[in-house]
Amino acid sequence: MSIHRREILAGVGGGATIGLAGCTSSDEGDDGDGPEISGEAITLTTTTSTYDTGLLDELNAPFEDRYGVSVDTVSQGTGAALETGRSGDSDVVMVHARSLEDEFIEDGYGVNRRDIMFNDFIVIGTDEDPAGIGGGDDVEEAFATIAEDGATFVSRGDDSGTHAKELEIWEEAGVDEFGEWYQEAGQGMGEVITQVGQTGDYTLADRGTYLSMQSEIDLEIHVEGPIEGGPELLANRYGIVAVNPGVHDDVEYDLAMAYIGYLTSPEGQEIIEEYTVEDEQLFFPEAISEEPNFQQYVPEDWDPSETDD
């Protein structure tokens, strides 16, 4: 691991978790569970939502046990996670902003992207609902009403996938002027949800993080996403991408591909499907289907007919 990469892992503070899989001897690896790669580690940069919900703990432990490696998880916003991959200080990136993923691939830093799972975004806030948006199914109208009424909206403001989706909704709503009512937290999803419960009125959240914190907060869903019949604009899809070894020859590419294969395998997908908090399913697997979606591997606007012969 490079000095720079060690500094990133140390500097993230509470947002980083280090997988502690034991590196067993080769004799202990003869049980047929999987290849033994003792002493190795893989660095994953990912979103705060996958970390805050506890999902990664459930996913990483079986992988670490099978391969005798550790997964060093750095929790960042999507933009920061991709920048860490660009610098070669992570081996694999799991994020949820397709336009930013596409730039990462088009610029040559990422390869072998796969769809992995989805949930959705929701507009949450206090039960007072000062802007009166509760129960509506038009998120653009809800955002426009919040702006018109000057109700306090707490934004992630951190170049995360959630922040990117929020900015897209403001644009669709025709809102381009922001006053004191708009507060940029510059923090992860869990911190923003806590802040709204204390000082704000509304925020845009991913359903998984909201459900994982529901017992700790007093906030309600005012606008639902597509999982509960809301607009498709609030869909929240997660992808996983290996860092290109052709750009950074010191990345753990073999392990990155093993990790991608594990998460998109029936075993990994079953863990995602069965992961719940207080009997609520937080994420829905989508890596396996009878009719594979080949567009998942390339930027969404890529047209094979335009490729030079």
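The values are calculated or read from the model by the stated rules, or taken from the named source; none is laboratory data. It should be emphasised that the depicted structure is a prediction, and the values quoted were computed from it without experimental measurement. Cβ coordinates were reconstructed from backbone atoms using ideal geometry, including for glycine residues, and neighbour counts include every protein chain displayed. Heads up: the accessible areas ignore ligands, DNA and RNA and are worked out on the full protein's heavy atoms, side chains in. Shrake-Rupley method; radii C 1.70, N 1.55, O 1.52, S 1.80 Å.
Points worth noting:
- Cut-off under 5 Å, modelled amide H: who pairs with TRP181 long-range: none
- Residues whose placed amide H lies under 5 Å from that of GLY230, excluding near-sequence neighbours: GLY225
- Scalar couplings 3J(HN,Hα) for the stretch 113-121, obtained by applying the Karplus form with A = 6.51, B = -1.76, C = 1.60 to θ = phi - 60°, are 5, 9, 5, 10, 6, 8, 9, 8, 8 Hz; x denotes Gly and Pro.
- Classified by the C-alpha gyration tensor, the stretch 123-207 has a rounded form. Its axis ratio a/c, with a ≥ b ≥ c, is below 1.5.
- Relative to the current alpha-carbon distance between ASN293 and LEU167, full extension at 0.36 nm per residue lengthens the span by 42.6 nm.
- Of all accessible heavy-atom area on the stretch 172-309, the percent that carbon and sulfur account for (1.4 Å): 41
- Phi to ³J(HN,Hα) by Karplus 6.51 cos²θ - 1.76 cosθ + 1.60 over the stretch 211-219, Hz, x for Gly, Pro: 5, 5, 10, 4, 6, 9, 10, 10, 10
- Spatial offset of the stretch 143-191 relative to the stretch 96-141 amounts to 13 Å, using the alpha carbon center of each.
- Placed amide H near HIS222: partners under 5 Å, 5+ positions off or other chain: VAL123, ILE124, GLY125
- Phi angles across the stretch 182-197 convert, under the Karplus curve 6.51 cos²θ - 1.76 cosθ + 1.60 with θ = phi - 60°, into 3J(HN,Hα) values of 9, 10, 9, 7, x, 9, x, 4, x, 5, 5, 4, 4, 5, 4, x Hz, Gly and Pro given as x.
- Accessible area per residue (1.4 Å probe, heavy atoms of protein chains only) ranks TRP170, TRP181 as TRP181, TRP170, with the largest value leading.
- Highest-first arrangement of 283-295, 134-146, 74-86, where packing means the average Cβ count within 10 Å: 74-86, 134-146, 283-295
- Paramagnetic label reach from GLN281 (point 7 Å along Cα→Cβ; backbone nitrogen cut-off under 16 Å): within the stretch 82-117, residues 116-117.
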